[in-house]
Amino acid sequence: MATELVNGVSHDLLSLLSSDDRDFVIRSNGDQIRISSLVGKIVGLYFSGSWCGPCRHFTPILVEAYEELSSKGDFEVVFISSDRDDESFNGYFSKMPWLAIPFPDQGTLKRLKELFKVRGIPNLVVLDANGKVSCDRGVDIIRNYGAEGYPFTPEKLDYLRQEEENAKNNQTISSILVSSSRDYLISNEGTKIPVSDLQGKMVGLYFSAYPHRLCLEFTPKLVEIYKKLKEKGENFEIVLISIDYDEKDFKQSFEKMPWLALPFQDKGREKLARYFELSALPSLVIIGEDGKTLNQNVAELIEDHGIEAYPFTPDKLDELAEIEKARLEAQTLESVLVHGDKDFVIEKTGSKVPVSELAGRNVLLYFSAKWCPPCRAFLPKLIEAYKEIKEKDSRFEIIFVSSDRDQSSFEEFYSGMPWLALPFGDERKTILQKKFKIKGIPAAIAISSSGKTVTKEAKEHLTAYGADAYPFTEQHLKQLKEKLEEIAKGWPEKLKHELHKEHELVRIKRKGFVCNGCREMGHGWSFYCKECDFDLHPNCALKKKENGEEGKGEEGRICQGDTCRKA
């Protein structure tokens, strides 16, 4: 949302929502409602579409808040459809108790999306009684606070945040888990257990979603640890806070869990996700016996140390940190790559290369897959860097760790690589992913000649500096960064470019991007248009072709910037 829309422009609702031959909006039963009747009300413009999964999930939440607020008489919602045909619009709109711009009026629908710069749905823009935009993040407010967010002003949002902060300062297990309509939890047999039964216990709040791959892998480990702690008589309990969209998924996952849960229908599930600033799944938040938060997420600790991570106290964490430090100091290439009788990697011919022959070399573990567009985009850059590094250090090597889905895909992708690999389907792939906490691909881990981990971000360094990033040591990268910073001082802070005539491009640092000129991935400095999400590498923005014309990029798209992540 442009700042001028938020800061003072009053929109005339009739002009905003009408067209030349229409001065009304409609209900799902076909009734026509004069737009003039909305004047003086708080109006939410709901940009949504039936084809959009997040929209379908959010709409019932908005319906609940709307029905709670409708008795006030001064709040209304108008549906701005992104559906692709009448049938989809009618089916979706039939579930909404509010108003809509008629679907045939595509001109008005398009105009509103452009006016309010809607780049993603669901989106809820709230206009106050004077027609001014009071909030352009209505979806977040409704999702987090429901009808309590009314009238959706910055002042109300600040008040609610302060209330949350006060609640954290005075947190108890009851303030976390009890609501105005519920003071109990449920077992997977449907038994209601009073929240008061958890007083004085250490409690783990388990945020999980059934279809989520990492949750499916983590839950059985947590079940095993939970049962062992119960056998030992530990004063510990777990409560499932499901992030599932579908009640069927909730029931399917909960039936395998021996602990308690917040009921699926309870809207407190999403509030707790916000309250604890949930950023990853699975997450296990630990609440101490005094009701205070002891640890925001111990899932990773449990993955690494199992039951030894209990009771998750600061002293225990310090102890585990010392164990991990000793483990890293003792690390060798053999300890990383050898598992049981798997003590080799392979060449493209299928010949086995003993891991022992690689001892004393600088090695890069390259996690990638053919199905991943960013991996395919990164591969040529990595091959180029590999060849340059080999000229400087012939003993440097890369080992491909595949996430391909079948042998043929692995062989096809590996055929274009000039280095070694783990065999397809090798169990060491999963071990390495867990050891180095690989969350997305492509990823590259640099191992030094002594077998120690140099960096887990070698891919980002290669993207930023190419072969010059080698040998990836902290001191070397610091020198490269300082050199680039000095060079960047000579670049303009803003520039106009033939490839993006609409706006000036601003020199800015970006964590990861795809250059709209050369279509290659970038990391670090970019000439960027925030409004259009348009990037140019400095070399694309500043360098011109020999004939004096600036280079043109090709059309293309990849998923999630320069990284593919599995759900």
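The values are calculated or read from the model by the stated rules, or taken from the named source; none is laboratory data. Only a predicted model underlies this, so the values are computations on that prediction, with no experimental measurement involved. Here the Cβ is made from the backbone with ideal geometry for all residues, glycine too, and neighbour counts use every protein chain on show. These area figures cover heavy atoms from the full protein model, side chains too; ligands, DNA and RNA do not enter into them. Shrake-Rupley method; radii C 1.70, N 1.55, O 1.52, S 1.80 Å.
The mean sequence separation of alpha-carbon pairs under 8 Å and at least six residues apart, normalised by the residue count of segment 173-323, gives a relative contact order of 27 percent.
Here the calculated FRET efficiency for LYS452 and ASN539, from their Cβ-Cβ distance with R0 = 25 Å, stands at 0.15, rounded to the nearest 0.05. For segment 385-479, applying the loop criterion from DSSP together with a ceiling of 14 other beta carbons within 10 Å to the trypsin sites (Lys or Arg not before Pro) yields ARG395, ARG405, LYS437, LYS439. For the chain, what is the percent of antiparallel DSSP beta bridges, rounded to the nearest 5? Percentage antiparallel, nearest 5: 65.
With no solvent and one point per C-alpha, what does the Debye sum give as log10 I(q)/I(0) for segment 173-323 at q = 0.15, 0.19, 0.20 Å⁻¹? Per q value, in the given order, log10 I(q)/I(0) is -0.74, -1.25, -1.41. Mean sequence separation of contacting Cα pairs (under 8 Å, at least six apart), scaled by the length of the chain, corresponds to a relative contact order of 9 percent.
Within segment 245-332, the trypsin sites (Lys or Arg not before Pro) that combine a DSSP coil assignment with at most 11 other C-beta atoms in a 10 angstrom radius are LYS256.
Rolling a 1.4 angstrom probe over the protein heavy atoms with all chains in place gives the chain an accessible area of 51 Å² per residue.
Between ASN235 and ASP197, the simple spin-label model (points 7 angstrom out along Cα→Cβ) gives 1.7 nm.
Computed from backbone phi with θ = phi - 60° and the Karplus coefficients 6.51, -1.76 and 1.60, the 3J(HN,Hα) list for segment 20-34 is 4, 10, 8, 10, 9, 10, 10, 9, 5, 8, x, 4, 9, 10, 4 Hz; x is used for glycine and proline. The GluC sites (Glu not before Pro) of segment 254-295 that meet both conditions, a loop assignment by DSSP and at most 16 other Cβ atoms within 10 Å of the site Cβ, are GLU255, GLU277, GLU289.
Largest accessible area first, the residues SER208, SER28 order themselves as SER28, SER208 under a 1.4 Å probe with ligands, DNA and RNA left out. Taking a ≥ b ≥ c as the square roots of the Cα gyration tensor eigenvalues, segment 491-542 comes out rounded, since a/c falls below 1.5. Taking TYR159, TYR310, TYR184 and ordering them by how much accessible surface each has at a 1.4 Å probe, largest first, produces TYR159, TYR184, TYR310. Label positions at TRP491 and ARG274, each projected 7 Å from the Cα along the C-beta direction, are separated by 3.8 nm. In this structure, LYS168 and ASP406 have a Cβ-Cβ separation that, at R0 = 60 Å, corresponds to a calculated FRET efficiency of about 0.80. Restricted to Cα atoms, the chain shows a radius of gyration and a Dmax of 27.9, 80 angstrom.
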